[in-house]
Amino acid sequence: MRTQKINFFLGSFLALGMLAMSGSADAASSGLQFSFIPKTGGYAIGTGRELSPVLIASPAVRVDGRWLHAADFSKCAVVKSEVTGALGKADEWTITYSGLKDAPELVYEVRIYRDVPFGEMQAVARNTTSKTFHVDAFRIIDASEQAANGRSILNLAGPAAEDRVLSGSFSEDTPAMVVRDLADAEKQIHRGVGTQLVYNRQSHRSWFVGALTSDRFLTVIRLHPVGTARETHIAAYQVDSTGTTELTQDNSLQNSSPEDRVELSLPIETKKTIASERLLFSLSNNYHRQLETYGKLIRDLHHARVTAPPALGWWSWTAYYSGLNEGAARTNAEYLAQNLKPLGYNFFHIDEGYQFARGEYATADAGLFPHGMIALEKKAAAMGLVPGLWTAPFQVSERSWVDETHPEWLVHNAKGAPIHAGLGANETDRLFVLDTTNPGAQEYLRKTYATLVKDWGIRYIKLDFMDATAIEGYYFRPNTTALEAQRIGLKTIREAVGDSVLLDKDGSPMLNPAGYVDMGRISQDTGHTFAATKEAATAFAARYYMNRNFFVSDPDAFTVSKQTIPDGEWHESTIPLTLNEAEASIASSAVAGGMFEIGDDLPTLAESPERLALVKNRNLLDMAKLGRASFPVDLMTFEPEDLQPSVFLLKENPRQSILTVFNWTEKTRKHSIMLSTLGLNSQRRYAVSNALDGGPASPVAKGTIEITQPAHSVRMLKIVDENVAARPPMPLIDQVSRGTAGQPLSFRAKPDDSVVRYRWNFGDGTALEGSTVTHTYTHAGDFTVSLYATGVEDLTGKQTFPLTITGRIPTQFVPKQKRRYHADEK
């Protein structure tokens, strides 16, 4: 690494002679430039394309209840370095603010990548005094009209009235995802958690920020517009590393006492440091690439678990909500196994309602399940189903064993009382939060989840309400933040269940569980209404990049039957879905590309053959089994008349694509979609058919597809490039050449996103399905292993390799080799 100290030498940022440049990414193809402003201690970020910087801002830190801004410090030193980061070679500036009496130093690091239009930021508080301070928050970006000296904040080279804003939410449904015009701010603020994208529809420029870490703090973004829809502009812009209380007081702490709303404050002793979260930022003409690059960074930095196979099956929540009982569960398991398992639907997921109380998940409700859960779950497993179960791991009801016997295991306020964090589903049970740093609470988690896995046979577990329990408070381990406590709990659960059990995060901050969970909810709950489908769908578009980067996406269940839920608390429905609305529901799950779960009372499907046909539709099943999210073509560019993103494309292989177009409105809509906007060559010849019924569809004319559709509907078109010959996928194998009889061997196909089914033939009369399998040969010999890979056009490719097995399985009894099995063994 080469470093260079810079003492405020004079320069200019384009036309802005007031800026003193500390350097820029010299000859950087990314075009991003960084300049330091000595007068204010701030900085400017932009490119050579704009006449003014895109952003003029500065850092700040809140210490003992007081904000310390860059301009408050009397001294400043800037050091430039050449570094290599996650996106390649970069220039990095380290700015040290000091000279403020009785305060820690503020160190600010900015990295500009040379070959891609991205950068990173982080702030650090460093205590060089003999006193102890308390750090409450960092402001990684602090931009105001005053600091910008009258220039635009987030100047994207187009009128601010043309800006659209996509703000990440605290969890997948708090609040619901909405793409808003700049002037259409809720309560005069666009507040994002974790991410925010600002896109200008005239210039097509976009500014993106996204949290790369969540080690201790929550990343909260606040964009403040002022003015009318025609004359709007941004008055202030802040990105903070802070506690969760600002968000939880609108959620689980909404009706709690002031004592329960604990503000985060972390001590920083002499010669110690505290760092903010690391922030990614980007200025580009390709907002999709910004999101996708961010997703891949999260996958790599957090070692995300993204290899789980596609999960197709059934869940109980939208079918019965809290009313599921033993008999109904058994009937649905039987229907699933007998009618749908051959198609790949094998997950049998029982949601909330089976348990005695939140916080007591290994105890069934004897009223609904008089014979307990073990026999039911084992029967489901015997049918070839994958038993799944709902839990809310860190939530404790006042009726639960934990609350009654171990209140010391709960998160407390300053007065030593357990923090009250909302009410249960029936609005009567008071809820509290498990202190995951308490050794007793950790042992409770281990025993609970080990019981579910080893005694009940559960292979998939949902982890819900982790947003409601991500509260700041007084933990057994002092100075633990809410996000730290959540990860401690997740680590404890993962260790208890082992690597083979699938964990699904629900009701949780989006980034924090990455690396611990296999699946993750990306939207709010769906249900038996078109309004529920519509409300959830923007999140499917906005979070498409998370699928197989953060985790495998969980879009909640689809519903297609005529079932109604007249007494439901969520999306109450007294009128059955129309067939068009049923198609929209299942199509929205298909475009999400992750889990594919039916949310209906399964026997009701038999009453409507045309709806059962949707569940069995080959094109939809192929989309689910591919496990890839469809590309949201109009995520930030949808027409105002469409209300929200409506157009999705999935390129299934070089020859075939699925185009999905929704009509979310109350009237007939027409769309003219040019092939070029889909990334397809308009000079080629295409065959277009209806993916839902196999019938003909509007042909391509002059490189355009014309679609007319009624209100509350979806059109799914299969587009086949007739200039490309149909070819089967050719699987690649991590080959194994030798093995020993009686010892398991692992077989793995290298990832191929055009394959919907893998089948292994081991040459000894046995076969297994899956991209990764384990097989044990029982005797020595030379075998030929074959892997068959089937693609979306039902064409199958084959690869073979030889395998030699030596040795034999010993038949002698050797007492010294015997050892006891213990229940805690994995």
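Numbers for the structure displayed
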| quantity | calculated |
| --- | --- |
| Residue ID - farthest from Arg216 (Cα to Cα), chosen from residues in region 269-315 that are in contact with a Phe, Trp or Tyr (Cβ under 6 Å, 6 or more places away or on another chain) and in a helix (DSSP H, G or I) | Tyr287 |
| Within region 234-270, considering residues that are among the aliphatic types (A, V, I, L, M) and within 20 Å of Asn127 (Cβ to Cβ), the one most open to solvent (accessible area, probe 1.4 Å) | Leu264 |
| Options Thr790, Thr766, Thr804: the member that is open to solvent by less than 80 Å² (accessible area, probe 1.4 Å) and more than 20 Å from Arg738 (Cβ to Cβ) | Thr790 |
| Wholly enclosed strands (runs of 3 or more DSSP E) of region 692-778 bearing at least 2 residues free of Cβ contacts under 8 Å to residues at least 24 places away in the same chain | 767-769 |
| Criterion (buried (at least 21 other Cβ atoms within 10 Å of the Cβ) and over 29 Å from the mean Cα position of the chain (by Cα)) met by exactly one of Arg655, Arg611, Arg684 | Arg611 |
| Unique match (being at positive phi and of a type outside the set (S, T, N, Q)) among Gly359, Gly327, Gly323 | Gly359 |
| Residues (within 21 Å of Asp642 (Cβ to Cβ) and among the polar types (S, T, N, Q)) located in region 154-212 | Ser167, Asn200, Gln202, Ser206 |
| Exclusive hit being over 21 Å from Pro509 (Cβ atoms), touching a strand residue (DSSP E or B) at 6+ places or on another chain (Cβ under 6 Å), open to solvent by 40 Å² or more (accessible area, probe 1.4 Å) and of a type in the set (Ser, Thr, Tyr), set Thr307, Thr273, Thr331 | Thr273 |
| Val736 being among the aliphatic types (A, V, I, L, M) and modelled with pLDDT of 95 or more | no |
| Failed item in (1) crowded, with 21+ Cβ neighbours inside 10 Å; (2) not in a loop (DSSP other than H, G, I, E, B), with Leu635 passing the rest | (2) |
| Complete set of residues in region 401-426 that are open to solvent by less than 10 Å² (accessible area, probe 1.4 Å), in contact with a Gly (Cβ under 7 Å, 6 or more places away or on another chain) and free of Cβ contacts under 8 Å to residues at least 60 places away in the same chain | Val402 |
| Only listed residue being open to solvent by less than 10 Å² (accessible area, probe 1.4 Å), farther than 21 Å from Ala275 by Cβ and at pLDDT 90 or above, chosen from Gly88, Gly46 | Gly46 |
| Of the criteria (1) open to solvent by 50 Å² or more (accessible area, probe 1.4 Å); (2) within 24 Å of Gly594 (Cα to Cα); (3) not small (Gly, Ala, Ser), which one Gln743 fails | (2) |
| Subset of region 314-328 (residues that are of a type outside the set (D, E, K, R) and open to solvent by 10 Å² or more (accessible area, probe 1.4 Å)) | Trp317, Tyr320, Tyr321, Ser322, Gly323, Asn325, Gly327, Ala328 |
| Leading residue by the ranking (nearest to the chain's Cα centre (by Cα)) among those in region 141-166 that are open to solvent by 10 Å² or more (accessible area, probe 1.4 Å), more than 30 Å from Asp72 (Cα to Cα) and free of Cβ contacts under 8 Å to residues at least 60 places away in the same chain | Glu162 |
| Options Arg66, Arg2: the member that is under 20 Å from Asp115 (Cα atoms), open to solvent by 30 Å² or more (accessible area, probe 1.4 Å) and either at pLDDT 90 or above or over 34 Å from the mean Cα position of the chain (by Cα) (or both) | Arg2 |
| Test: residue in region 167-178 that is open to solvent by 20 Å² or more (accessible area, probe 1.4 Å), under 20 Å from Leu253 (Cβ atoms) and free of Cβ contacts under 8 Å to residues at least 24 places away in the same chain | yes |
| Answer residue from region 418-437, given it is within 17 Å of Glu352 (Cβ to Cβ) and of a type in the set (S, T, N, Q) and is farthest from the chain's Cα centre (by Cα) among those | Thr428 |
| Residues of region 339-369 satisfying the condition of being part of a strand (DSSP E or B) and open to solvent by 20 Å² or more (accessible area, probe 1.4 Å) | Phe356, Glu360, Ala362, Thr363, Ala364 |
| Verdict on Thr293 being modelled with pLDDT under 95 and either touching a Pro at 6+ places or on another chain (Cβ under 6 Å) or surrounded by 21 or more Cβ atoms within 10 Å (Cβ to Cβ) (or both) | no |
| Failed item, numbered, when Lys750 is tested on (1) closer than 22 Å to Gly344 by Cβ; (2) at pLDDT 95 or above; (3) surrounded by fewer than 12 Cβ atoms within 10 Å (Cβ to Cβ) | (2) |
| So Ala711, is it more than 27 Å from His288 (Cβ to Cβ) and either touching a helix residue (DSSP H, G or I) at 6+ places or on another chain (Cβ under 7 Å) or of a type outside the set (D, E, K, R) (or both) | yes |
| Region 523-539 residues that are closer than 14 Å to Asp506 by Cα, paired with ones that are open to solvent by less than 10 Å² (accessible area, probe 1.4 Å) and among the aromatic types (Phe, Trp, Tyr) (beta carbon under 8 Å, 6 or more apart) | Ser523/Phe540; Thr526/Phe558 |
| Residue satisfying all of: in region 658-681; of a type in the set (Val, Ile, Thr) and over 19 Å from Lys702 (Cβ atoms); most open to solvent (accessible area, probe 1.4 Å) among these | Thr668 |
| Residue check, Leu223 buried (at least 23 other Cβ atoms within 10 Å of the Cβ) and in contact with a helix residue (DSSP H, G or I) (Cβ under 8 Å, 6 or more places away or on another chain) | no |
| Count of residues meeting criterion [of a type outside the set (Ser, Thr, Tyr), more than 14 Å from His233 (Cβ to Cβ) and part of a strand (DSSP E or B)] in region 181-202 | 7 |
| Yes/no for Ala392 being at pLDDT 95 or above, within 19 Å of Leu503 (Cα to Cα) and either open to solvent by 40 Å² or more (accessible area, probe 1.4 Å) or in contact with a Leu (Cβ under 8 Å, 6 or more places away or on another chain) (or both) | yes |
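Listed here are the residues, each with its yes/no results for (1) of a type in the set (Ser, Thr, Tyr); (2) open to solvent by 30 Å² or more (accessible area, probe 1.4 Å); (3) in a helix (DSSP H, G or I); (4) at pLDDT 95 or above.
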| residue | (1), (2), (3), (4) |
| --- | --- |
| His371 | no, yes, no, yes |
| Lys378 | no, yes, yes, yes |
| Arg399 | no, yes, no, no |
| Thr428 | yes, yes, no, no |
| Val433 | no, no, no, yes |
| Thr448 | yes, no, yes, yes |
| Val453 | no, no, yes, yes |
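The values are calculated or read from the model by the stated rules, or taken from the named source; none is laboratory data. Bear in mind that the values here come from a model prediction, so they are computed numbers and not experimental data. Please note: Cβ atoms are built from the backbone with ideal geometry, for glycine as well, and neighbour counts cover all protein chains shown. Areas reflect the complete protein model, heavy atoms only, side chains present, ligands, DNA and RNA absent. Shrake-Rupley method; radii C 1.70, N 1.55, O 1.52, S 1.80 Å.
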